[in-house]
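The values are calculated or read from the model by the stated rules, or taken from the named source; none is laboratory data. Computed from a predicted model, the values in this text were never measured in an experiment. Here the Cβ positions follow ideal geometry from the backbone for every residue, glycine too, while neighbour counts run over all protein chains shown.
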Amino acid sequence: MLPLMEAWIQQILIYLPEGGNYYLLLFFVTLAESLPVAGLIMPGSTLIVLAGFLVVAGKGNLASLILVAALGALLGDLLSLWLGKRYGGIFLRMRFFRRRRKMVRYAQKFFVTHGGKSLFFARFIGPIRGIVPFIAGLSQMPERAASFYILISSILWGICYPGLGYIGGSSLQQAQTLGARFGLATFVLLLVIIAHYQVKKLFK
């Protein structure tokens with residue numbers, strides 16, 4: 001246990017479910033964050049970093065948390081992919097997507113240009129996490145290739161975000177800072193890859 005654990009952290013521990021129900025809750029959090037609509041309002045990454053932090057406070061087990069987070073991310077992305085492939089046209093006629101037409105068009109263009117790379121990096125870039133697998137399904141990306149990128153990114157995400165919370169367990173603020181830095185580093189790496197692609201295309 002942390003020697004000087006804040007009182008509000010103790011309150012969180014009181015209200016959280018125990019045992020399997022706790023991991024089930026975290027599973028649904030990560031799954032929901034991967035879906036096209038719910039992903040915009042569900043702060044799954046923040047909650048998983050917090051869960052990693054709470055492991056240091058004696059809540060849960062890190063290995064189990066990593067497994068649940070990766071599995072939720074994997075199944076959520078696969079479900080988003082399936083929804084896009086099967087019901088993409090219906091979803092796009094919903095008011096939610098009509099109001100975000102520019103975002104959808106941008107995501108479609110981005111996916112067409114960068115393919116599997118966009119599907120991989122979207123897992124680490126906040127709001128577009130749930131929309132890119134959906135766009136991949138809507139664009140009829142081959143399932144085997146899409147599943148490969150989703151599997152790799154889900155495993156890495158499932159390790160990194162709980163791990164960041166665990167490493168920063170001595171301070172919640174430190175854990176949040178580490179998570180923000182990791183997300184920023186991933187975004188910068190994506191920009192570098194895109195720039196490299198554009199330069200390569202220019203000089204062909």
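So for segment 101-108 (the condition being over 30 Å from Leu13 (Cβ atoms), in contact (Cβ under 8 Å) with a residue 24 or more places away in the chain and in contact with a Phe, Trp or Tyr (Cβ under 8 Å, 6 or more places away or on another chain)), does at least one residue qualify? For segment 101-108, residues over 30 Å from Leu13 (Cβ atoms), in contact (Cβ under 8 Å) with a residue 24 or more places away in the chain and in contact with a Phe, Trp or Tyr (Cβ under 8 Å, 6 or more places away or on another chain): present.
Matching residues to (1) polar (S, T, N, Q); (2) at pLDDT 85 or above; (3) surrounded by 15 or more Cβ atoms within 10 Å (Cβ to Cβ):
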{"site": "Pro3", "(1), (2), (3)": "no, no, no"}
{"site": "Glu6", "(1), (2), (3)": "no, no, no"}
{"site": "Gln11", "(1), (2), (3)": "yes, no, no"}
{"site": "Leu16", "(1), (2), (3)": "no, no, yes"}
{"site": "Val29", "(1), (2), (3)": "no, yes, yes"}
{"site": "Pro36", "(1), (2), (3)": "no, no, yes"}
{"site": "Leu40", "(1), (2), (3)": "no, no, yes"}
{"site": "Leu50", "(1), (2), (3)": "no, yes, yes"}
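Inspect segment 60-79 for any residue being in a loop (DSSP other than H, G, I, E, B) and surrounded by 17 or more Cβ atoms within 10 Å (Cβ to Cβ) and give the result as yes or no. Yes. For the condition free of Cβ contacts under 8 Å to residues at least 40 places away in the same chain and over 30 Å from Gly52 (Cβ atoms), Phe111 qualifies. Among the helices (runs of 4 or more DSSP H) confined to segment 105-173, the ones with at least 2 residues that are farther than 30 Å from Leu62 by Cα and touching a Leu at 6+ places or on another chain (Cβ under 8 Å) are located at 131-138. Scanning segment 75-96 for residues that are over 24 Å from Glu143 (Cα atoms) and aromatic (Phe, Trp, Tyr) gives a single hit, Phe96.
Considering (1) modelled with pLDDT under 80; (2) in contact with a helix residue (DSSP H, G or I) (Cβ under 7 Å, 6 or more places away or on another chain); (3) not hydrophobic (A, V, I, L, M, F, W, C), the lone condition that Tyr149 does not fulfil carries the number (1). For beta carbons closer than 8 Å, sequence separation of 6+ or different chains, a first residue in segment 46-75 that is without any contact (Cβ under 8 Å) to a residue 24 or more places away in the chain and within 15 Å of Ala32 (Cβ to Cβ) and a second that is of a type outside the set (D, E, K, R) and part of a helix (DSSP H, G or I), the qualifying pairs are Leu47/Leu26; Leu47/Val29. Is it the case that some residue within segment 83-102 is assigned to a helix (DSSP H, G or I), at pLDDT 85 or above and touching a Pro at 6+ places or on another chain (Cβ under 9 Å)? Within segment 83-102, one or more residues are assigned to a helix (DSSP H, G or I), at pLDDT 85 or above and touching a Pro at 6+ places or on another chain (Cβ under 9 Å).
For the structure I just gave you, tell me whether Phe53 is in contact with a Ser or Thr (Cβ under 8 Å, 6 or more places away or on another chain) and in a helix (DSSP H, G or I). Judged against the criteria, Phe53 is not a match.
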